[in-house]
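The values are calculated or read from the model by the stated rules, or taken from the named source; none is laboratory data. Remember, predicted model here, so these are calculated numbers, not experimental data. Neighbour counts are summed over all protein chains in view; Cβ atoms, including those assigned to glycine, are modelled from backbone coordinates with ideal geometry. With ligands, DNA and RNA removed, areas are computed over all heavy atoms of the protein, side chains included. Shrake-Rupley method; radii C 1.70, N 1.55, O 1.52, S 1.80 Å.
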Amino acid sequence: MTTFVDRVELHVAAGNGGHGCASVHREKFKPLGGPDGGNGGRGGDVILTVDQSVTTLLDYHHSPHRKATNGKPGEGGNRSGKDGQDLVLPVPDGTVVLDGAGNVLADLVGHGTSYVAAQGGRGGLGNAALASARRKAPGFALLGEPGDLQDIHLELKTVADVALVGYPSAGKSSLISVLSAAKPKIADYPFTTLVPNLGVVTAGSTVYTIADVPGLIPGASQGKGLGLEFLRHVERCSVLVHVLDTATLESDRDPVSDLDIIEAELREYGGLDNRPRIVVLNKIDVPDGKDLAEMVRPDLEERGYRVFEVSAVAHMGLKELSFALAELVAKARAARPKEEATRIVIRPKAVDDAGFTVTREDDGLFRVRGEKPERWVRQTDFNNDEAVGYLADRLNRLGVEEQLLKAGARGGDGVAIGPEENAVVFDWEPSVTAGAEMLGRRGEDHRFEAPRPAAQRRRDRDAERDEAQREFDGFDPF
């Protein structure tokens, strides 16, 4: 049964925002007390957070679909809907977040580092929030926005200072077991190590981590064996240690050729040329191994490698190796740039930036793209004429109609707001053609004007009363 997973595909869905409420306050002897519809709640986010207690992506391998809760709709009495609860997903230290095309979205290193993988939808405004001095009782509310839907890939790259690389059965697991408190599986057959093992080593005042990577074989960078699956765990390591077997029973292998083959695989994988190397000649407790180590050591030192002869079984040469690794790790840490506090960068919007674009496509359709117009369309209830009029008024005040006219649009032309896969298309009719005589109350649109029976009856009654008063004032009995 799989117990270690370092690459998964995750489907995350943020919560939808709650709809705003269109409500009118009512009480005895006060039937129209004004709008009191509350706002909808915000949808929950999906957040990836580094947790040191998590070491594998196994949970997401079995349950790849994760969704945050939706925001609650608003209610009458100015009661806002409850916000959706954020879904926090713990991931191991060193997790890389990628999109479907392989682009890196986030590199999560360090406990508590987080990344919002999917943003919750914004809650819609209730009619109480939409009321103004000129529009006292809106008969509509805004819809909540849908939450983000994302398909992301998570890859785990082990965070360690030192990586042990080499052929299967070279003694890497035995070496990490004696240098640290790690207890990896050790056996006398190849590919005993199926997952990276981490151990903590203390050498004087330096404490560093060491990783045992599954054995490499020729062609590992192209996918042979287990090497390709775990070579990425070497990327973050500051020091590479070649563990060479001096007591191998295979007649066609020797430490120097093993080193050349592993180095070729590392070059083929790429990105590891600048890491300092140390060569460890292991198993010198075997008589033939000791003789072979003494034979190949001059050749390796001529190539510029620091060479250590050790025996993990007999605990020979481990102290010198441990302090040499600590020295290289300390140098690598000192060479890293110092972490600086996050700078707050303020990028004001350009004076001529309208926040949207209007383009004419080959088929004659005019397409409007921009954060505000697209969000306003998503929040509009197109079954409510007053809400559509409010949208038209907002677009007009933003300058969309002016830009459409400049782009050559005429009445009846098709206009699409949003991307191709999810756009709202309508036949455009300019709401302002001559000037101020076309302007009405905020949120109203002349295309959706309708007779108001109650107001008309009130005007007729007032006219009758005025006429009766004039007749009474003009009546002279004498």
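Things worth noting here:
- What a 1.4 Å probe finds exposed on the stretch 77-137 is 49% carbon and sulfur by accessible area, rounded to a whole percent.
- Counting Lys and Arg as +1 and Asp and Glu as -1 over every other residue whose Cβ lies under 10 Å from the Cβ of VAL424, the net charge comes to 0.
- Sites listed here are trypsin sites (Lys or Arg not before Pro) in the stretch 106-170 whose DSSP assignment is loop and whose Cβ has at most 14 other Cβ atoms within 10 Å: ARG134, LYS136.
- Per residue accessible area in Å² of the stretch 70-136, where ligands, DNA and RNA are left out and the probe is 1.4 Å: 51
- LEU328 sits among other residues whose Cβ lies under 12 Å from its own Cβ, and their net charge, with Lys and Arg +1 and Asp and Glu -1, is +3.
- Per-residue Karplus couplings for the stretch 414-426, computed as 6.51 cos²θ - 1.76 cosθ + 1.60 with θ equal to phi - 60°, are listed in order as x, 10, 10, 10, x, x, 4, 6, 8, 10, 9, 10, 8 Hz, Gly and Pro entered as x.
- Counting only protein heavy atoms and using a 1.4 Å probe, the accessible area of LEU395 comes to about 20 Å².
- Here's how it looks for LYS67: its modeled amide H is under 5 Å from those of ALA13, which are all 5 or more places away or on a different chain.
- Each residue, LYS349 and GLN52, gets one label point 7 Å from its Cα in the Cβ direction; the gap between the two is 4.4 nm.
- Estimated from the Cβ-Cβ distance and a Förster radius of 51 angstrom, the FRET efficiency linking ASN396 and ARG461 is about 0.90.
- Under Karplus coefficients 6.51, -1.76 and 1.60, residue-wise ³J(HN,Hα) of the stretch 9-24 in Hz, glycine/proline x: 9, 10, 10, 10, 9, 6, x, 7, x, x, 6, x, 10, 9, 9, 10
- Between the beta carbons of ARG7 and ARG360, assuming R0 = 41 Å, the FRET efficiency works out to 0.40 to the nearest 0.05.
- Stretching ALA137 away from ARG275 to a fully extended chain increases their span by 42.7 nm, per 0.36 nm per residue minus the current alpha-carbon distance.
- Net charge of Cβ neighbours under 15 Å - reference GLN85; Lys, Arg +1; Asp, Glu -1: +2
- Under 5 Å between amide hydrogens, built in the peptide plane, is the criterion, and for LEU10 it picks out ILE152, HIS153, LEU154 among residues at least 5 positions away or on other chains.
- Per-residue ³J(HN,Hα) for the stretch 367-372, Karplus 6.51 cos²θ - 1.76 cosθ + 1.60, θ = phi - 60°, Hz, x for Gly and Pro: 10, 9, 10, x, 4, 5
- Between GLU421 and ASP473, full extension at 0.36 nm per residue minus the direct alpha carbon distance yields a gain of 11.8 nm.
- If R0 is taken as 56 Å, the Cβ-Cβ distance between ARG26 and VAL200 corresponds to a FRET efficiency of 0.25.
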